[in-house]
1. Which condition does G151 not pass, out of (1) among the small types (G, A, S); (2) open to solvent by 10 Å² or more (accessible area, probe 1.4 Å); (3) closer than 23 Å to A251 by Cβ, if it passes all the others?
2. Does the range 195-221 hold any residues that are open to solvent by less than 10 Å² (accessible area, probe 1.4 Å) and under 14 Å from the mean Cα position of the chain (by Cα), and which are they?
3. What pairs can you find where one residue is in the range 1-26 and closer than 14 Å to H228 by Cα, the other is charged (D, E, K, R) and assigned to a helix (DSSP H, G or I), and their Cβ atoms are less than 9 Å apart, with a gap of 6+ or different chains?
4. So which residues in the range 122-140 are farther than 15 Å from D178 by Cα and either buried (at least 17 other Cβ atoms within 10 Å of the Cβ) or without any contact (Cβ under 8 Å) to a residue 12 or more places away in the chain (or both), if there are any at all?
5. Could you check the range 225-260 and list, in sequence order, the residues that are open to solvent by less than 40 Å² (accessible area, probe 1.4 Å) and of a type in the set (V, I, T)?
6. For the range 124-160, how many residues meet the condition of being at pLDDT below 80 and not polar (S, T, N, Q)?
7. Please state which of the following conditions R82 fails to meet, knowing it meets all the rest: (1) within 25 Å of Y255 (Cβ to Cβ); (2) modelled with pLDDT of 90 or more; (3) of a type in the set (D, E, K, R).
8. Is it true that A65 is touching a Gly at 6+ places or on another chain (Cβ under 9 Å), open to solvent by 10 Å² or more (accessible area, probe 1.4 Å), assigned to a helix (DSSP H, G or I) and not acidic (D, E)?
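The values are calculated or read from the model by the stated rules, or taken from the named source; none is laboratory data. Model, not experiment: these values are computed from the prediction. Using ideal geometry, Cβ is built from the backbone for each residue, glycine included, and neighbour counts are taken over all protein chains shown. Each accessible area value is taken on the protein alone, full model and side chains, heavy atoms only, with ligands, DNA and RNA left out. Shrake-Rupley method; radii C 1.70, N 1.55, O 1.52, S 1.80 Å.
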Amino acid sequence: MPDISLTTVVLLCLAALAAGWIDAVVGGGGLLLLPALLLGLPAGTPAAHALGTNKAVAIVGTTGAAITYARKAPVDVRTAVRIGLAALAGSSGGAFLAAGMSTEVLKPVIMVVLLAVAAFVILRPGFGSAPRPGPVSRRRVLAAIGFGGLGIGFYDGLIGPGTGTFLVLALTALLHLDLVTASATAKIVNCCTNAGALAMFAWQGAVLWQLAGLMAVFNLAGGTLGAHTALKKGSGFVRVVLLVVVFALVANMAYEQWLA
């Protein structure tokens, strides 16, 4: 356990609670959790320890949300796991290339994509409001595995922010899901990618297990509550949270690109 004050521990636990709720509803909990760890850990703590602890906390909340969704939402677990395994492979490739590539060049492109996504969701109020009738074609499932799994997984390993949000949007569009079911499916995919990343950080000894265990309890509570909220409020509520998270992502990336 790092040498941090009780007040900081409490604030980190509250951040984990809020991040779990956001992540369960529409993804993007890392926007809150990772910066909180970077600020809360003592000066001089390697960034890898914040990243590893973040994954150890997030995987618990994501798993709790996935279980809650799977019990009450019509999730195709088999398809979700196939996409998750592809995402695991993609994130490994992205992480491998990240060391030799400047992500600063890519961030403006990602911001433009996010703003385009926000415009699309605003201009298409019916997007994700209800699943389209009829079975999904094999071609669309393969596209979800390729783009939603390998592609977004690669992005997760290379850059990271907004991976859950991108997954929700991709699964809604490609598999004709409503936003609630897409969020549920994205949680299962996130479990796969988080497990791979956590294994790597644990192997490197970059996880503060005592702090992670304490924060994980709050993250689990937030994730479970968030899943229940999304199931109760429906796709309209998820749509509003989605837009808020997208604009928060753009603001965060813009700050890091030009102001930090």
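1. With respect to (1) among the small types (G, A, S); (2) open to solvent by 10 Å² or more (accessible area, probe 1.4 Å); (3) closer than 23 Å to A251 by Cβ, G151 is out only on (3).
2. N219, the sole residue that qualifies.
3. If the second residue must be charged (D, E, K, R) and assigned to a helix (DSSP H, G or I), the pairs left are D23/K187; A24/K187; V25/K233; V26/R239.
4. Once the filter is applied, which keeps residues that are farther than 15 Å from D178 by Cα and either buried (at least 17 other Cβ atoms within 10 Å of the Cβ) or without any contact (Cβ under 8 Å) to a residue 12 or more places away in the chain (or both), the range 122-140 yields L123, S137, R138, R139.
5. Once the filter is applied, which keeps residues that are open to solvent by less than 40 Å² (accessible area, probe 1.4 Å) and of a type in the set (V, I, T), the range 225-260 yields T229, V238, V241, V245, V246, V250.
6. Residues in the range 124-160 being at pLDDT below 80 and not polar (S, T, N, Q): 16 in total.
7. Here R82 clears every test but (1).
8. Considered against the rule, which asks whether it is touching a Gly at 6+ places or on another chain (Cβ under 9 Å), open to solvent by 10 Å² or more (accessible area, probe 1.4 Å), assigned to a helix (DSSP H, G or I) and not acidic (D, E), A65 comes out as no.
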